[in-house]
Amino acid sequence: MTREEALKLHDSHVTADNLKKHGLATEAVMRELAAHLHEDRDLWGNIGLLHDLDFEYTRDDPATHGRKTVELLASCGFPAEALNAVLRHNAEALGLQRETVLDYALTCAETITGLIVAAALVHPDRKIHSLKASSVRKRMKSKDFARNVNRDHVALCERINIPLMDFITLSIGAMASVSDELGL
């Protein structure tokens, strides 16, 4: 699937502006993780963009989130490892276990986007470009800050041999590359 096809699929299933931006941010982080880990940037980017296609339909029923997305992506020819990663980014609600590098990458990538957006929104200039990894890490330590962000999921970067500070730096850089689309 090309990026243009992925964007078209994304836009046909995602209507909420914040969810569209979440997909774009996750795509950017996944592309950088793929480059860092010598994986397929296009595939990983598309997985990041499309991982929450069913969220607007399943937000009130977490035990189903990911299943409809997997059906859609399977019909588009996505490989099994990608389909499993989409399911496993919601592993706790689905009773699954994360197993692969891609599983951990998607989970930590999609989670850190919320932390970085929240950090940018409280920064004086409200710009991702201005964030420093140390300030994001400091905010991460505060349980009252962005309380919906699962810190344990962000820390899964360690499971793919990327130290937390390096992961934060990589993620800020990735999201800064799409800051215009994110409005930050």
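Each value in this text was obtained by applying a stated rule to the coordinates, not by laboratory testing. The structure displayed is predicted, hence computed values, not measured ones. Glycine gets a Cβ as well: all are built from the backbone with ideal geometry, and neighbour counts include every protein chain shown.
Answer with yes or no whether Thr107 is crowded, with 23+ Cβ neighbours inside 10 Å, touching a helix residue (DSSP H, G or I) at 6+ places or on another chain (Cβ under 8 Å) and polar (S, T, N, Q). Spell out how you get there, then give the answer.
On the way: crowded, with 23+ Cβ neighbours inside 10 Å: yes; touching a helix residue (DSSP H, G or I) at 6+ places or on another chain (Cβ under 8 Å): yes; polar (S, T, N, Q): yes.
For Thr107, the condition - crowded, with 23+ Cβ neighbours inside 10 Å, touching a helix residue (DSSP H, G or I) at 6+ places or on another chain (Cβ under 8 Å) and polar (S, T, N, Q) - is met.
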> Scanning for something surrounded by 22 or more Cβ atoms within 10 Å (Cβ to Cβ) and within 15 Å of the chain's Cα centre (by Cα), does segment 67-74 turn up at least one residue?
Replying inline: yes
> So which helices (runs of 4 or more DSSP H) are wholly in segment 1-51 and hold at least 3 residues that are surrounded by fewer than 22 Cβ atoms within 10 Å (Cβ to Cβ) and either of a type in the set (A, V, I, L, M, F, W, C) or more than 15 Å from the chain's Cα centre (by Cα) (or both)?
Replying inline: 3-13, 17-37
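From the residues in segment 84-104 that are closer than 11 Å to Ile47 by Cβ and in contact with a Gly (Cβ under 9 Å, 6 or more places away or on another chain), which one is surrounded by the most Cβ atoms within 10 Å (Cβ to Cβ)? Please lay out each step first, then the result.
First, the residues of segment 84-104 that are closer than 11 Å to Ile47 by Cβ: 84-86, 89, 102-103.
Retained after the next criterion (residues that are in contact with a Gly (Cβ under 9 Å, 6 or more places away or on another chain)): 86, 89.
Numbers: Val86: 26, His89: 29.
Per the stated criteria, the residue is His89.
Here is a yes/no grid of residues against (1) touching a residue at least 40 places away in the same chain (Cβ under 8 Å); (2) small (Gly, Ala, Ser); (3) surrounded by 15 or more Cβ atoms within 10 Å (Cβ to Cβ):
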| site | (1), (2), (3) |
| --- | --- |
| Ser142 | no, yes, no |
| Ile160 | yes, no, yes |
| Thr169 | no, no, yes |
| Gly183 | yes, yes, no |
>> Being touching a Phe, Trp or Tyr at 6+ places or on another chain (Cβ under 8 Å), closer than 28 Å to Ala120 by Cα and not hydrophobic (A, V, I, L, M, F, W, C) is the requirement here; does His65 meet it?
In response: yes
